[in-house]
Amino acid sequence: MSDLPGDAQSRLTMAVESPMADDLTLLFQRHTADMHADTPPESIHMLPRESLISPVIDFCVLRLGGQPVAMGALKTLSPGHGELKSMHVLAEHRGQGLSRRMLELLIGRARAKGLDRVSLETGVQPTFVAARGLYARAGFMECPPFGDYRADPNSVFMTLEL
């Protein structure tokens, strides 16, 4: 459920979109700034906007009254295994349950694709505490590095069996 008031919930839409849409620029600017704020460059694993255009990636956007307020992506790594990428909610819209809604949307897409597991990489810095809490509440557990990742003191790896 959402923490948004009823009228805002009725104005909330979620869809797979192109990451290149002009009105998503602010989301990508803020996401990039947040990733670079306190993470060393060698430990930033976000995909460039253009790289989110791929047949193995579902790029999703939450819109409130038509305005983009959150984004996230599901990348299929191998049969049965997906990765969450590029999750971001605009700061002025945080605390309303939008991160949870985006996470539920992405997990639902993973199930619909027949994936057995969804993993993610996030930061260890204090700015990622809320994100790690969100993932843990959704059932994600810490795990070793997966895919092409290697151990990194600035990264936490988590996975959820579906």
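The values are calculated or read from the model by the stated rules, or taken from the named source; none is laboratory data. Remember, it's a predicted structure, so these values are computed and weren't measured experimentally. No Cβ is skipped: glycine too gets one built from the backbone with ideal geometry, and neighbour counts run over all protein chains shown.
Tabulated data
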read-out: Thr39 vs. criteria outside any strand (DSSP E or B), surrounded by 15 or more Cβ atoms within 10 Å (Cβ to Cβ) and not small (Gly, Ala, Ser); value: yes
read-out: Condition broken by Glu161, with the remaining ones in (1) loosely packed, with under 13 Cβ neighbours inside 10 Å; (2) closer than 25 Å to Pro48 by Cβ satisfied; value: (2)
read-out: Residue within the stretch 7-14 that is at pLDDT below 80, of a type outside the set (Gly, Ala, Ser), in contact with a Ser or Thr (Cβ under 6 Å, 6 or more places away or on another chain) and farther than 26 Å from Arg117 by Cα present; value: yes
read-out: Residue within the stretch 35-44 that is touching a strand residue (DSSP E or B) at 6+ places or on another chain (Cβ under 6 Å) and acidic (Asp, Glu) present; value: no
read-out: Contacts under 9 angstrom Cβ, first residue in the stretch 1-21 being hydroxyl-bearing (Ser, Thr, Tyr), partner surrounded by 12 or more Cβ atoms within 10 Å (Cβ to Cβ) and at pLDDT below 65, 6 or more apart; value: Ser2/Ala8; Ser2/Gln9
read-out: In the stretch 73-97, residue surrounded by the fewest Cβ atoms within 10 Å (Cβ to Cβ) [restricted to those that are of a type in the set (A, V, I, L, M, F, W, C) and part of a strand (DSSP E or B)]; value: Leu77
read-out: Criterion: modelled with pLDDT of 95 or more and either over 24 Å from Met20 (Cα atoms) or in a strand (DSSP E or B) (or both) - qualifying residue of Leu103, Leu62; value: Leu62
read-out: Filter result for Leu103 (touching a helix residue (DSSP H, G or I) at 6+ places or on another chain (Cβ under 7 Å) and within 28 Å of Leu26 (Cβ to Cβ)); value: yes
read-out: Yes/no for Arg109 being touching a residue at least 40 places away in the same chain (Cβ under 8 Å), touching a helix residue (DSSP H, G or I) at 6+ places or on another chain (Cβ under 9 Å) and assigned to a helix (DSSP H, G or I); value: no
read-out: Of all residues in the stretch 108-133 being of a type outside the set (D, E, K, R), at pLDDT 95 or above and crowded, with 17+ Cβ neighbours inside 10 Å, the one that is nearest to Ser43 (Cα to Cα); value: Leu120
